[in-house]
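Take a look at the following structure, please.
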Amino acid sequence: MGIIIDDLDPTVLQSRAHELPAMHEGNTVKLTVAQILGLLAKSDFISKFGASDVAFTPTGSIAASTMQAALAEVDSEKLALAGGTMTGDLSLGGKKLSNGLILDGDVRIANTTDATKKLAFDASSIATGTTRTLKVPDANVTISSFAATLVDDTDGAAMWATLGATQSLGSNQVSGYQKLPSGLMVQWGTTSVTTSSEVATVTYPVVFPNNFYTVLVCNGDTNNAPAATFGVHGTPSLSSFNLRTNGVSGSVRANWVAFGR
């Protein structure tokens, strides 16, 4: 009759000579710890056991019941390092990759030294079913605050104002001015005179901030007074100039345009 575990002496100090029950051809036998270690050390003993002999409890999406089958199942379902095709959405920390697209609300590019500084993208203004391409030049580009303001303008008039241009065409557009981004100002108007040799003071719509360059005057009523002539009397100032007339009979209109900055 074989040896059962109750027959072993529990008071014996464990050592390589300590005996443990083992099975041999259906019978229980006693083997010392040294004998068991010797069997384990033999290569032919180890070779008889593999991952197929290790039980595996199916879990998650893995249905295999042995370790070998479970490894094979995982290997067949993994995404290769060289790439492959995934079906369904991929969620990374709550950020979703959907049908090969990274959703703009889930993307943030953080600063290297301060992760609280982030760059986000918003494609909500693009028309439905439309793909827009953002191209950059073959150069390093820094978007300044001024450039950002310019790009954010909704029309040409707003961009013109951002560039520093101002204008006033007047209520009837007979007189007005425009300041260009360079600072150059152009002002224009019309003045009626009634007496020959009269010197009339003409005031610009706005004062030139820094310099007066020149003013040009012409007859604006050649049909009624073709002989009337006009000229600038004295030195114009930043706010006005004196208009001198000749050959005027009745009311005659003089047109003028002035330049400064």
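Here, each number is a calculation from the coordinates, and none is a lab measurement. The shown structure was predicted, so the numbers you read here are calculated from the model rather than taken from an experiment. FYI the Cβ positions are ideal-geometry reconstructions off the backbone, even for glycines, and counts take in every protein chain you see.
Using Cα-Cα distances under 8 Å and only pairs 6 or more residues apart, what relative contact order does region 194-253 have, in percent?
That works out to 50 percent.
Okay, next question. Within 10 Å, count the other beta carbons around each residue, average over each peptide in 133-144, 236-247, and list them highest first.
Output ranking for 133-144, 236-247: 236-247, 133-144.
Per residue of region 78-84, in order, report the coupling 6.51 cos²θ - 1.76 cosθ + 1.60 (Karplus, θ = phi - 60°) as ³J(HN,Hα) in whole Hz, putting x for Gly and Pro.
After applying 6.51 cos²θ - 1.76 cosθ + 1.60, I find 6, 8, 5, 4, 7, x, x Hz.
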